Every structure is written in C-alpha cells, then in structure tokens.
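The structure appears right after this line, and notes come after that.
The values are calculated or read from the model by the stated rules, or taken from the named source; none is laboratory data. Worth saying up front: this structure is predicted, and the values here are computed from it rather than measured. A quick note on method: Cβ atoms are made from the backbone with ideal geometry, for glycine too, and the neighbour counts reach across all protein chains shown.
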Amino acid sequence: MPSVNIVNGKLIVVENLDRSQRVFRFLAKPFRQMRNHQDLIQAILRRELRSRFQGSAGGWIWAVFAPLVAIAVYTMAFTTNLQLPLAEGVDSKRVAYALFIFSGIVVFNFFSEMAFRSPMLLHEYAHYIKQTIFPSDMLAVISTLRATAYTGISVIVMLLLELIVRGGLPWTVVLIPLVFLPLMAFLVGLSWFLCAVGAFTRDAGYLMINIVPLFMFATPVFYPHNSLPSPWDILIYLNALTGYVECMRDIVLQGRIPNPLVYLWMLATSVSTFYFGYWFFDRYRNVIVDVI
C-alpha cells in the first residue's frame, strides 16, 4: 500500500514498489509520456515541418532534390575506382551502384541529422523549458519524427528509382517498417543522450560536426558490410548503423529476409540505446533547466 505524507499542506503519495515494479514503470515511462503529450508533440511537429522550407520557392522539392544530387555525385566519384556488388537484375552499373549507396545514405542521413541537431536541441527551446512546464524529454521524439518525414521522402525516391530500373519491387519492401521503427527508437535514445550532454557543454555539438562526416566512412555506405576478411569482418558490427544498412539492402535490393543474428543485434542496439538515453536524460532532467 502507498503511504501518504503531508508536505507544506499538500498530500504527497509515496508508493512502495518492489524492484520488478520499478523496472516496469521505467520501461513504460517514455511511452506514457508520449501518450500524455501527444497533442503537444503533434502541434510542435506541424510547426517544425512548416518552417523547414519556409521562405523557399522550391519548398519540399528540395527534400527530393538533395538526395538525388548526393546520389549523382557519389556515383560519379566512386564507380570508376571501386568494384562493389550490384543489385541483381540491374544492367546499368552506375544505376546499380546508385541504388547500393542510396540505401546506405538513407540510413546514414537519418542518423546524421539527429546527431547534428540533438546537442543544441534544448538550447533551441530554452525559452519554453525555462518559462513553462514543458516536457523537455519530448523534444527528442519530435525531432526524430521531423527527421523521419524527410527520410520517408528519400525512401520513396529510392523505391521509385528501383521500380523504374528493375521494373518491379521485391515483396520484402513491405518489411521496411521493421527496420525503420528500431532505427527511430535508436535515434530517439541517442538524441536523449546528446541533448543532456549538450545542455552542459556546447562542445558536444562541435564534436558531432567534426566526427559525423568521418563516421560515414566507418559505415558501410560505399562498400559492402563483408568487405573485411574473416574473422575481422565481425568488427564492423561495432558500428551500430551497420545492421540497419545491411537489413535495408537485404529488404530493398536483394529481396530477402535479413540475417536473423544481424536483425537481433539491430534490435538489441535499438532497445539498449533507447532506454539508456532516456535513463541518462531523466537522471539530469531537473539540472538541465538550470544550465541551459
């Protein structure tokens, strides 16, 4: 039974929970927060989506144009020097390689947008956090949903390109949400962690600016995941993004079910990062208001 104490004339309920109840409450807390603040999340998300290309003549066309330009540049830069596995049934090597790197770029760009923005995210909304009772932990969720909208456009462009080149799509494309949902959870957790660190020091933002571009070459975007000789090829999975890139290529390009071990590793990194990020943010939640 919970105990009731009176502090400054107010009733304070102190619940006596055992270890399993505390663990369950912690696991459910971020989802309960999302449900309780869903109207606020929707309102801020709509505002952010509207403001993304505000004042631009091209508007949302840039969300399609940017990945296409990147694909063209990377394809011209690398096809003459690297011999990479091509998607089955594709005659044009350039287009095949474009699809190969596009699937990797979709995942990496999703990650990079969150890594660049998250350290300064609380500073962007400092006026809300300091002046109102604002659920600061929901900013990571809103930011991830915003990035998901633009990543979704890139996925549609990728599928349309494959449909035009190959004349059809493998049935496994219906499994794309099974990759994107864990990826979103992974990035929300990463964002919670970087938000908390970035609240204490702006160096976290500068560090991401310098590290993330280099991190692209540690991720199998331009080369296959099995490019290292065995047994060293297992080391590439220390990069959590490798599993997401590999599963995306299996589903979209190869038309096959991802390796179960790779998928389980992907889920493990997703869940662990999600809850570690929330635990870290929640631990310093009350201090963050004073330091931003």
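Listed by first and then second residue, the pairs linking a residue in segment 174-185 that is over 17 Å from residue 246 (Cβ atoms) to a residue that is buried (at least 17 other Cβ atoms within 10 Å of the Cβ) and among the aromatic types (Phe, Trp, Tyr), with Cβ atoms under 6 Å apart and 6 or more places separating them unless they lie on different chains, are 185/274. Being within 15 Å of the chain's Cα centre (by Cα) and polar (S, T, N, Q) holds for only one residue in 172, 151, and it is 151. Within segment 67-119, the set of residues being in a helix (DSSP H, G or I), more than 26 Å from the chain's Cα centre (by Cα) and either among the small types (Gly, Ala, Ser) or modelled with pLDDT of 90 or more (or both) comprises 77 only.
In segment 127-137, what count of residues is obtained for those that are outside any loop (DSSP other than H, G, I, E, B) and crowded, with 20+ Cβ neighbours inside 10 Å?
0
Annotation note: of 193, 217, 222, the sole residue that is modelled with pLDDT of 90 or more and of a type outside the set (Ser, Thr, Tyr) is 193.
In segment 56-75, the residues that are under 18 Å from residue 108 (Cβ atoms) form Cβ pairs under 9 Å with partners that are at pLDDT 70 or above and not in a helix (DSSP H, G or I), at six or more places apart or across chains, as follows: 74/221; 74/222.
If only one of 180, 186 is modelled with pLDDT of 90 or more, within 16 Å of the chain's Cα centre (by Cα) and surrounded by fewer than 23 Cβ atoms within 10 Å (Cβ to Cβ), which one is it? Don't jump to the end; show me each part of the working.
On the way: 186 fails: surrounded by fewer than 23 Cβ atoms within 10 Å (Cβ to Cβ).
Only one candidate qualifies: 180.
So if I check each of 284, 275, which one is surrounded by 17 or more Cβ atoms within 10 Å (Cβ to Cβ), in the same structural domain as residue 72 (by TED's automatic domain parsing) and of a type in the set (Phe, Trp, Tyr)? Break it down into steps so the answer makes sense when it comes.
Working: 284 fails: surrounded by 17 or more Cβ atoms within 10 Å (Cβ to Cβ).
Criteria check complete, one pass: 275.
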